[in-house]
Amino acid sequence: MNPEKPLKPISECTPCASSDSRRLFLGTAAAAVAGALTGCGKLSMDEFLQHNFRELSKAEIQHVIARLEKEYQEKYGKAVQVGVDPALQGVIFGYALDLSRCIGCRRCVHACVKENNQSREPEVQWIRVLQMDKEEGVNIHHADPYYAPDRVPEEGHFYMPVQCQQCKKPPCVKVCPVGATWQEKDGIVVVDYNWCIGCRYCMAACPYGARHFNWGEPTLPVEELNTATHYLGNRPRQKGVVEKCTFCIQRTRKGLYPACVEICPTGSRKFGNLMDPKSEIRYVLENKRVFLFKEDLNTQPKFFYFYGV
Amino acid sequence: MVRFLISFERKGDAALGRVLLLAVIILLAPLLGLADEIPKSHAQPPSKSSVTQDIEVPAPPLTEGIFPCTACHDNKTLKPNANRRSLGMHDEVQLRHGPESRWCLDCHDMTDRNKLHLVSGERIEFTTSYLLCGQCHGDKFRDWRSGIHGKRTGRWDGKKQYLLCVHCHNPHAPRFQALQPMPKPKGPGDIKLRRGGAR
């Protein structure tokens, strides 16, 4: 998938010596070199020396997870589980959204923020709901994400939630200079937050505006922290990295529906295994009028819009 | 079968993505194209499949204390009355469902008020009210049974919960209720500039 070994990103922070490092033999020299490069002392030596997630052995993964869980415990005073469930055999995830039923209530947006530990301030949201004119059809020139009437739906409008389309040909993955983002076997496009250098090329490349950058140190209320996380998904992020919808990888790889599907009061959101002919998602594809957002770009989304009427 | 014919213009993509705000709608069932290109190793019989019989339906959303209806509708002190009239009871029930001629006992059973009945006269429980709705809304009912209309929660690969029609539609005035939207995202106008905030 990615033949060249990704370059080790030069982090902007200095590692500080951490005594339990298996790689301590590299310690003094690397710390000196790294120390010479910048100087903010926030990264541990282990973090600095950590490889791209895809190249880690089982033992190294365990080591990384243990370190992360310890750091989160210290930061939030709560036990956070960082899962590494791999893609399930014979599963490629697909998503479908019924434009004829969505009423634009934004329950999904906020459920997603909670489930996936998005930063509250600065505000990061993975789902954006566009209010559109019925007369115009799906036309981004007539799309308003800031609608705020007392009640939805509003006369003459329909609503189109947009999130990561989990493209089969993801332009964001192609442009990443360090291989910090890739497509998993189940089709989910993920980010290794510890490998991302924050260049934001992926954001420029994404035609859906589905990637989001942590411009500031993310904040989330400890009491709202979701402690059931996945390394490639909703574990708390740091400043300077890009994040996006992962179809709730921490839920869906355990067989659960994504949080946005669970919350939707209209039942407009459908999710399942594209490889399973009996799945809801296959029923939609086979029986409903379906379209792909910006299909002409040939990104080949696995997020489908349909008309359920 | 529709295949993806347009090749991907890599070079212009970044700029395009930002500026290109045109959505082109093409109606198609893209699955075929997609499935074709799935590597063989994934094309084994799915180990995860949705099992339709594994569905739990939550209790019907009846008002507390109103059931059993026969507590009052005992056919002795309170006799059934098929006449269309304004009722001295159940004033929260305002019929706004289809033709004017519709009346309570089209759906509710005359003599066993704990039950609904189909056109055939067959009595059904409130827990299966979807059978009643399905008589007149066959298309929605079919979609509902396959998990498309309405909502399933739980596991995409197994046990699911399923909402009844009446969880979302008041049977007496079934139009889906408007909701108050949750807060809008911050817009460009809401962003505070901080010194050193964006590095």
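Any read-out appearing in this document is the output of simple, stated calculations on the displayed coordinates, not a laboratory observation. Quick caveat, the model's predicted, so the values are computed rather than measured. In this analysis, Cβ positions are derived from the backbone assuming ideal geometry, glycine residues included, and neighbour counts consider all displayed protein chains.
Observations on the structure shown:
- Spin-label model, B:F67/A:S100: points 7 Å from Cα along the beta carbon direction are separated by 3.1 nm.
- In nm, spacing of pseudo-spin labels at A:D133 and B:D74 (7 Å Cα→C-beta vector): 6.4 nm
- Point-to-point label distance, A:R54-A:K70, nm (Cα→Cβ direction, 7 Å offset): 2.9 nm
- Once exposed loop GluC sites (Glu not before Pro) are cut out (DSSP; at most 10 other Cβ, 10 Å), longest piece of chain A: A:156-309
- Loop-located trypsin sites (Lys or Arg not before Pro) in segment A:122-182 (DSSP state not H, G, I, E or B) with no more than 14 neighbouring Cβ atoms inside 10 Å: A:K134, A:R151.
- Chymotrypsin sites (Phe, Trp or Tyr not before Pro) within segment B:141-190: DSSP coil, no more than 13 neighbouring Cβ in 10 Å: B:F176
- Expressed in Å, the radius of gyration and Dmax of the Cα atoms of segment A:93-307 are 16.6, 47.
- In this structure, the amide hydrogen of A:W195, modeled 1.01 Å from its nitrogen in the peptide plane, lies closer than 5 angstrom to no residue at least 5 positions away or on a different chain.
- Relative to the globular-protein estimate of 2.2 N^0.38 Å, the Cα radius of gyration of segment A:188-305 stands at 1.20.
- Greater than 21 Å apart at Cα, pairs in A:K58/A:K168; A:K114/A:K185; A:K185/A:K254; A:K278/B:K151; A:K114/B:K184; A:K75/A:K114: A:K58/A:K168; A:K114/A:K185
- Rounded to whole Hz, the Karplus (6.51, -1.76, 1.60) HN-Hα couplings of segment A:225-239, x for glycine and proline: 4, 8, 8, 8, 10, 10, 4, 8, x, 8, 5, x, 9, 10, 4
- The HN-Hα couplings worked out from phi for segment A:63-70 by the Karplus form 6.51 cos²θ - 1.76 cosθ + 1.60 (θ = phi - 60°) are 4, 4, 4, 4, 5, 4, 4, 5 Hz, whole numbers, x standing for Gly and Pro.
- With only Cα atoms counted, segment B:66-199 has Rg and Dmax values of 22.5, 80 Å.
- Cα-derived Rg to Rh of segment A:101-209, Kirkwood definition: 1.02
- Taking segment A:192-221 and a reference point 7 angstrom along Cα→Cβ of A:Q238, the backbone N atoms nearer than 13 Å belong to A:193-198, A:217-218.
- Peptide B:161-168 shows a mean partner chain C-beta count of 1 within 10 Å per residue C-beta.
- Using the Cβ-Cβ distance between B:N81 and A:D144 with R0 = 45 Å, the FRET efficiency computed as 1/(1 + (r/R0)^6) comes to roughly 0.30.
- Charge sum, other residues only, whose C-beta stays under 13 Å from B:P68's C-beta, Lys/Arg counted +1 and Asp/Glu -1: -3
- Mean per-residue shielding of peptide B:139-152 is 5, counting Cβ atoms of other chains within 10 Å of each Cβ.
- Remark: mean inter-chain Cβ contacts per residue of A:255-266 equal 4, using a 10 Å Cβ-Cβ cutoff to other protein chain atoms.
- A simple rule links phi to the HN-Hα coupling: the Karplus curve 6.51 cos²θ - 1.76 cosθ + 1.60 with θ = phi - 60°, which for segment B:134-141 gives x, 4, 9, 10, x, 5, 5, 4 Hz, with x for Gly and Pro.
- When only alpha carbons are used to place a centre, segment A:246-289 and segment A:164-199 end up 21 Å from one another.
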